[in-house]
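Down below is the structure, laid out as structure tokens.
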Amino acid sequence: MTIEDRLLNFKDNTILDRDHLYKLIREVYPQYKDTSIRWVIYDLVKKGIISKLNPTQYVIGQSDIYQQKNASDERRKIVDYLNQAFPNIRIVVFESTLLNEWVNHQIARKVIFIEVEKYFMSDVFRMIYNRFSTKVLLNVNKEDLYMYEGELIIINQLISQAPINQQARDIKIEKLIVDLYTKDLITEFINEDEKDDVIESIFKTYPVNVKTVYAYAKRRGNIDIIKKAISSYHLGGLS
């Protein structure tokens with residue numbers, strides 16, 4: 001069996017650590033040294049059998065890294081503005097409507113969530129409040145969310161170790177998975193009985209780094225809930 005055949009036995013979007021990939025190649029080509037293995041990996045990437053996610057991880061198939069679909073113009077303007085005002089601060093901007101990719105009932109109410117390091121929350125609030133016409137709220141809870149109708153911009157604290165795409169100011173899929181099983185406001189836009197279907201669809205569509213999910217879930221204090229929620233989707237080589 002060739003290394004291509006072995007890798008094609010994995011499901012698409014399976015994430016492999018570099019050491020695991022080296023081990024698989026050595027099992028097929030035990031005589032190969034590291035230099036030859038790197039050439040094998042280069043060839044596998046060129047053929048589209050695997051894709052490089054980062055310096056230490058690869059994914060089976062063509063990588064489809066998560067990005068919010070159909071992001072609003074307002075979100076893009078907010079991101080551009082924050083990039084100018086706070087280029088080096090960890091900030092993520094995402095919308096309630098991102099869930100429309102997976103839920104059956106389409107979410108009509110657009111709420112833009114801005115999560116930022118605690119120290120900069122007030123500064124970001126003032127600048128967004130003065131710049132945008134949409135209602136802007138700071139440190140919002142569930143009761144506040146239902147007190148106001150229509151579109152909102154909500155600024156809350158970004159939890160340390162939260163997986164985000166800093167360059168794009170975008171949420172990573174690993175953060176979304178964990179947030180759906182916390183008391184975060186994004187959970188108000190999805191029915192409890194839809195969560196399992198959403199998680200299953202996410203794992204089928206995107207590469208999910210389960211190690212990152214678990215690390216963030218541990219930080220959020222819901223690691224046991226997350227392990228139970230995703231166990232049937234990542235076992236057997238999905239990550």
### In segment 61-145, the trypsin sites (Lys or Arg not before Pro) that fall in loop regions by DSSP, at most 11 other Cβ within 10 Å
69
### Task
Under a 10 Å cutoff between Cα atoms, tell me which one of 87, 55, 207 has the largest fluctuation in the Gaussian network model of the chain.
55
### Task
Using a Gaussian network model of the chain whose springs link C-alpha atoms within less than 10 Å, name the residue from 201, 36, 160 with the highest mean-square fluctuation.
36
## Note on the structure
Filtering chymotrypsin sites (Phe, Trp or Tyr not before Pro) in segment 119-157 by DSSP loop and by at most 13 other Cβ atoms within 10 Å leaves 148
### Query
Taking K and R as +1 and D and E as -1, what net charge do the other residues with C-beta under 13 Å from the C-beta of residue 124 add up to?
+2
### Task
Assign one of three labels to segment 3-60, namely rounded, prolate or oblate, based on the Cα gyration tensor with a ≥ b ≥ c the square roots of its eigenvalues; rounded applies when a/c is under 1.5, prolate when it is not and a/b is larger than b/c, and oblate otherwise.
prolate
### Task
Give the order of 169, 38 when sorted by the count of other beta carbons within 10 angstrom, beginning with the fewest.
38, 169
### Message
Report, in listed order, any pair from 175/228; 11/47; 47/211; 69/175 with a Cα-Cα distance greater than 20 Å.
### Response
47/211
## Note on the structure
The rounded separation in angstrom of the Cα centers of segment 17-53 and segment 187-208 is 32 Å
### Message
If you filter segment 181-238 for trypsin sites (Lys or Arg not before Pro), then keep DSSP loop positions with at most 13 other Cβ within 10 Å, what is left?
### Response
183
### Message
If I fit a long axis through the Cα atoms of helix 34-47 and take the longest principal axis of the Cα atoms of the chain, what angle between them do I get, 0 to 90°, rounded to 10?
### Response
60 degrees
### Task
Normalising by the residue count of the chain, find the relative contact order in percent from Cα pairs under 8 Å and 6+ residues apart.
22 percent
### Query
Which of these, 130, 83, 165, has the largest mean-square fluctuation under a Gaussian network model of the chain (Cα springs below 10 Å)?
130
#### Entry: Cα convex hull of the chain, projected area averaged across orientations, nm²
14.5 nm²
## Note on the structure
So the angle from the long Cα axis of helix 195-205 to the longest Cα principal axis of the chain, reported in degrees to the nearest 10, equals 50 degrees
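Values quoted throughout were computed directly from the atomic coordinates according to the rules given, and no laboratory measurement underlies them. These figures come from a predicted structure and were not determined experimentally. Here the Cβ is made from the backbone with ideal geometry for all residues, glycine too, and neighbour counts use every protein chain on show.
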